[in-house]
1. Out of all the residues in the range 3-24, which are closer than 15 Å to residue 150 by Cα and open to solvent by 70 Å² or more (accessible area, probe 1.4 Å)?
2. Out of 93, 169, report the one residue that is at pLDDT 95 or above, in a helix (DSSP H, G or I) and closer than 30 Å to residue 71 by Cα.
3. For a quick check of your reading of the model, give me the residue pairs whose first member lies in the range 89-116 and is farther than 28 Å from residue 135 by Cα, whose second is open to solvent by 60 Å² or more (accessible area, probe 1.4 Å) and in a helix (DSSP H, G or I), with beta-carbon atoms closer than 8 Å and at least 6 apart or on different chains.
4. From the list 103, 91, 130, pick out the single residue that is among the acidic types (Asp, Glu) and farther than 22 Å from residue 37 by Cβ.
5. Residue pairs, Cβ under 8 Å, 6 or more apart or interchain, first in the range 54-67 and within 14 Å of residue 164 (Cα to Cα), second in a helix (DSSP H, G or I) and not hydrophobic (A, V, I, L, M, F, W, C). List them.
6. Tell me, which residue of the range 25-57 that is polar (S, T, N, Q) and open to solvent by less than 50 Å² (accessible area, probe 1.4 Å) is nearest to the chain's Cα centre (by Cα)?
7. Could you tell me which of the residues 117, 151, 132 is open to solvent by 40 Å² or more (accessible area, probe 1.4 Å) and not in a helix (DSSP H, G or I)?
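The values are calculated or read from the model by the stated rules, or taken from the named source; none is laboratory data. Keep in mind that what you see is a predicted model, and the values were worked out from it rather than measured. Every residue, glycine as well, gets a Cβ built from its backbone with ideal geometry; the counts of neighbours run over all protein chains shown. The area values use the complete protein model at the heavy-atom level, side chains included, leaving out ligands, DNA and RNA. Shrake-Rupley method; radii C 1.70, N 1.55, O 1.52, S 1.80 Å.
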Amino acid sequence: MNIAQIATTRHTCKAFDPARKIPAAVMDDLRTVLRFAPASVNSQPSHFVVAASDEGKAKIVATLAGGFAYNAPKAQNCSHLVVLCARTDLDEAHLAAVLAQEDADGRFATPEAKATQNTSRSFYVGLHRDKQDLDVWIDRQVYIALGTLLQAAGALGVDACPMEGFDVAAVDAALGLREKGLRAVVMVALGYRSEGDFNAKLPKSRLPDTAVFTDI
């Protein structure tokens, strides 16, 4: 299956089969995809909470009440529920850790190259902090990881349902995220569809090529 076929055949799963679990090797691949997802200036502001056990998923399902209750069955019945989180700040400790890892991985041929990378990344973090849109900039990086995950899941035959419909503060509290310098941004239920997944039976619908592209 080529990349265009994946894009035109994957769908947002609306109902999961609770008896079907993602094999460990497949989940390892998806974790690798998330860890290596692109991020501006390799800032790596994302963190991923993976709930595979019934107990882990129950912590999140308990927050899906009221107007968000429609997402509870997906979160409960999926194989793995991933909460894509953002760091609440890209502080000096985080930037130093990223730089040290890059150095350990052999990305710098010279000390000057290392210093240049540090200066460039610090500039952009400082720029967005000064503009008071650091959270927005960080969220964009998290959504790059989201898109990468959805495409990879489709390639591996794993069904997925991205969800913004949840109480962020409630999920943060349930998982103790703020104490760890994190905040929830979006969730993805991963697994395999059940017969109740009506969306799997519907044709995909997108605006035509001429409406979404401008060739110049």
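1. Matches in the range 3-24: 3, 5, 8, 9, 14.
2. Step by step, each of 93, 169 is checked, and only 169 is at pLDDT 95 or above, in a helix (DSSP H, G or I) and closer than 30 Å to residue 71 by Cα.
3. 108/114
4. Exactly one residue qualifies, and that residue is 130.
5. Matching pairs, first to second residue: 61/76; 64/71.
6. Selected residue: 46.
7. 132 is the lone residue from the list that is open to solvent by 40 Å² or more (accessible area, probe 1.4 Å) and not in a helix (DSSP H, G or I).
Conditions tested, residue by residue: (1) at pLDDT below 95; (2) open to solvent by 20 Å² or more (accessible area, probe 1.4 Å); (3) out of contact with any Leu (no Cβ under 7 Å at 6 or more places or on another chain).
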{"position": "128", "(1), (2), (3)": "no, no, no"}
{"position": "141", "(1), (2), (3)": "no, no, yes"}
{"position": "160", "(1), (2), (3)": "no, no, no"}
{"position": "184", "(1), (2), (3)": "no, no, no"}
{"position": "191", "(1), (2), (3)": "no, no, yes"}
{"position": "197", "(1), (2), (3)": "no, no, yes"}
{"position": "208", "(1), (2), (3)": "no, yes, yes"}
